[in-house]
Structure formats: structure tokens, C-alpha cells
Amino acid sequence: MKYKSCNLIQHGLCFFNNMLVSCCFAPCDQINGQHPPILFDNYKGEILSKNDLFFRIKKYSDIFKNGGVPKECNSCYHIEEKDWDEENYINSITITHFSKCNLDCIYCTNNLSQEERTNDIYEILPVLNRFKEEGIIKKGCEFHIGGGEFTIYKECDELIDLYANSGFAKFYVPTNAVKYSEKLFQAMDKNLAYIIVSLDSGSRKTYKKIKRVDAFNRVTQNLKLYAKTQNSVGNISLKYIIIPSFNDNCNEFKKFLNIAKQLKINTIIIDIDAKYSRYLNNNIDEYLIKFAQKLKLLSDMQGFSTILYSFYTQCSNGKELTNNIFKNIIGYIKYKFFNKAVKRLYKK
Ligand code: SF4
Ligand code: SF4
């Protein structure tokens, strides 16, 4: 039957540290504290009944089926019109209930302090394994990872082995690559895992300023290991998040591209810091939008496949950019020298 809905409300699960929800996407973008569709509140890894789970999913999906939109999904860009099936299965799982990380990035949107972040959280394997036994999780399911750093999460290796290296599912993992995971590499080599590494710099000095840990050399060494085979290198994206006053210069970006070239990584992702764009309610400086476009051009010119990512898209969406030289100069001066957001957001 054809109607407007979203795959995640029909077939998605997302594990937060205290609830099980359908997704972790905008518009529930933490700006106004709006929650995504909640399936189980106060959830701590309990084994769930299949009937109860799909009863709760159906309550939301029926709103779409009847021509409405759940308030949690209002104006979400994931809504699309197509034929939706009525079957009960899960084909997208997001794991984001852990928060421990071995870096301390200046732009991290995790609201917890380093001391408060933990992996001492409920286990996810018991409930997933039950779902798998019951045939709820569809073969080919996508696993998306959020939270802290996955490679140091206690169930990381077992999850990858049971769900990716067994050929059952594909993992999409943002990792900082401070720790190398052989299991992850094996899955990449089988085309069953894809990693995004935000290097955000081309030098040890800038990396340390942004990540607040001196791990640039270790990360580039580990990237070499991840990029060892033709298959595995094709499953890596290197990301450059533009952080005003830290790495918003072309020289740093060119050094970053050199690293990608040495490693033979083909996909470059460029984005604008989420913290900065949220702080300005997506009304970021025109200068920065144009700067991101300039970096894309530099990357394209060197033959990389270059993607401008989510916060860039949200910030530039529908914006008409000026070509007036005088306005451009004023914009640049305001951005560089009178930028209150930079002072408020980033304590160096
Ligand atoms: S429509 Fe948006 S908010 Fe609603 S479930 Fe889908 S992704 Fe989540
Ligand atoms: S690597 Fe990711 S989770 Fe860790 S501090 Fe940086 S942004 Fe936060």
C-alpha cells in the first residue's frame, strides 16, 4: 500500500542508554529536546516480547498509514511516499547506548563529561540474539553505531563477529581509529563494515588541538592497517569537520588530502561542526558555507569522491549566496574577527 512513512518507524530500532526508540534522527535533533518515537521508556536491555514490540511499532506506523504524522516525526526529511509492506521485521539497528571515548574532541556533542562517560551499561547481545533466533532481524540488516568509541565498547568484537563476519549484517561505524580492531578490519575486507574516520586535520599539531589527545601518529598508522587490502580501503571515508578557528584553512585541508592520497582512500566527507551550526540555529556565516564548497572543489580537483555532509546541507539548504565582493569582505571580517559563537563554544 502506498503512503507517506519512514523505514525507521516501520522497521528500525535504536538503543539509547535509557530507552528503546525508532531512530536517532532529526528533527528530534536535540535542539529543542524533542524525542524520537519512543517504543520502551526506561529500557535497560530487557528481553522483549515480539508481540509487544511490534504492537508498539504499529501504533506509530498506523498514524502514517492513516495519513497523519506522529508529532515526533513532524517535518522529518526521512519521510517518503512509497509502497510499504505490513510485515514485522527489523532491518536497521542503531547502537548508541554507550558513551566512553578515548578522545576528547572540542566539538563532541555528547553532553556528558569525560568522567561521566561509560561503557558500564546494559548488554545488548542478549536481546539482539533473542530477536535473531525469533527471525525478527532480517538478514542484510544495517547496524549503525553512535555513542562513544565503538572499538573500546565491551561487546564490540562479539557484535562484529556474530552479525557482520558471519555474513548476516553490515556495520556502519564512525571510529576515531585510536584503537585498531582486527575484527572490524576483517568485516571491512568482506565488505560487511564501512568506517568513517574524522581526522579533521593534516598535522599532529592541529589534530591535538581539536582532539585534545596526542594521537595523530597512532591514528594514521591504524588507518594504514585498515587500508591494507583493496576491499578494506574501499570501505573507508575520511572526514573533515570544519571547526571555526581550528582548521578553517586550505593549507590544513591540503595536508589532510595528502594523507588520504597516500593511503589510497577515495571518499572524502566535508561537514561543518554540529555544535557551531546548532548554536547558530543553522544560520551559519555565508563565508563558512562558501569555504566548505571551496574545500569540496579542491578535493574534487584531486580526483576524490567528495561528499558535503549533513550539517552543511542543513545550513545551506535553500540559502541564496551573495556574489557581491563588498559583502563577501564584510562577511569574512565578521566571521574571522567578531565571532562570538567561536569564543563561547570552544575553550582552547
Ligand atoms: S520520520 Fe524521522 S523522526 Fe520519524 S522515525 Fe523516521 S527518521 Fe525518525
Ligand atoms: S571521537 Fe567522537 S565520541 Fe569521541 S570525543 Fe570525539 S566526537 Fe566525541
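The values are calculated or read from the model by the stated rules, or taken from the named source; none is laboratory data. These figures come from a predicted structure and were not determined experimentally. Cβ coordinates were reconstructed from backbone atoms using ideal geometry, including for glycine residues, and neighbour counts include every protein chain displayed.
Quick one: which residue in N119, N91, N102 is in contact with a Lys or Arg (Cβ under 8 Å, 6 or more places away or on another chain), within 16 Å of ligand 1 (Cβ to nearest atom) and not basic (K, R)? Full working, then the answer.
Details: N119 fails: within 16 Å of ligand 1 (Cβ to nearest atom); N102 fails: within 16 Å of ligand 1 (Cβ to nearest atom).
Step by step, each of N119, N91, N102 is checked, and only N91 is in contact with a Lys or Arg (Cβ under 8 Å, 6 or more places away or on another chain), within 16 Å of ligand 1 (Cβ to nearest atom) and not basic (K, R).
Is it the case that the range 192-201 has a residue that's assigned to a loop (DSSP other than H, G, I, E, B) and either modelled with pLDDT under 95 or within 30 Å of C141 (Cβ to Cβ) (or both)? Steps first, answer last, please.
So in the range 192-201, the residues assigned to a loop (DSSP other than H, G, I, E, B) come out as 192, 199-201.
Next, from what is left, pick out any that are either modelled with pLDDT under 95 or within 30 Å of C141 (Cβ to Cβ) (or both): 192, 199.
Checking the range 192-201: at least one residue is assigned to a loop (DSSP other than H, G, I, E, B) and either modelled with pLDDT under 95 or within 30 Å of C141 (Cβ to Cβ) (or both).
If I go through the range 62-85 residue by residue, how many of them are part of a loop (DSSP other than H, G, I, E, B) and either within 13 Å of ligand 1 (Cβ to nearest atom) or surrounded by 12 or more Cβ atoms within 10 Å (Cβ to Cβ) (or both)? First the steps, then the outcome.
Initial filter on the range 62-85 (part of a loop (DSSP other than H, G, I, E, B)): 66-70, 74-79, 84-85.
Going one step further and asking which of them are either within 13 Å of ligand 1 (Cβ to nearest atom) or surrounded by 12 or more Cβ atoms within 10 Å (Cβ to Cβ) (or both), we end up with 68-70, 74-79, 84.
Qualifying residue count for the region: 10.
Please indicate, with yes or no, whether at least one residue in the range 231-238 is free of Cβ contacts under 8 Å to residues at least 40 places away in the same chain, in contact with a Lys or Arg (Cβ under 6 Å, 6 or more places away or on another chain) and either among the aliphatic types (A, V, I, L, M) or not in a loop (DSSP other than H, G, I, E, B) (or both).
Yes, some residue in the range 231-238 is free of Cβ contacts under 8 Å to residues at least 40 places away in the same chain, in contact with a Lys or Arg (Cβ under 6 Å, 6 or more places away or on another chain) and either among the aliphatic types (A, V, I, L, M) or not in a loop (DSSP other than H, G, I, E, B) (or both).
Working only within the range 240-265, note down all residues that are among the β-branched types (V, I, T) and part of a loop (DSSP other than H, G, I, E, B). Spell out how you get there, then give the answer.
At the first step, the residues of the range 240-265 found to be among the β-branched types (V, I, T) are 241-243, 259, 265.
I243, I265 - these are the residues of the range 240-265 that are among the β-branched types (V, I, T) and part of a loop (DSSP other than H, G, I, E, B).
Out of everything in the range 107-116 that is over 22 Å from I272 (Cα atoms) and not small (G, A, S), what residue ends up being nearest to ligand 1 (Cβ to nearest atom)?
Keep residues of the range 107-116 that are over 22 Å from I272 (Cα atoms), which gives 113-116.
Subset that is not small (G, A, S): 114-116.
Numbers: Q114: 29, E115: 31, E116: 27 Å.
Filtering first and then ranking leaves E116.
Could you list, in sequence order, all residues of the range 268-281 that are buried (at least 19 other Cβ atoms within 10 Å of the Cβ) and of a type in the set (S, T, Y)?
Selection gives Y276, S277.
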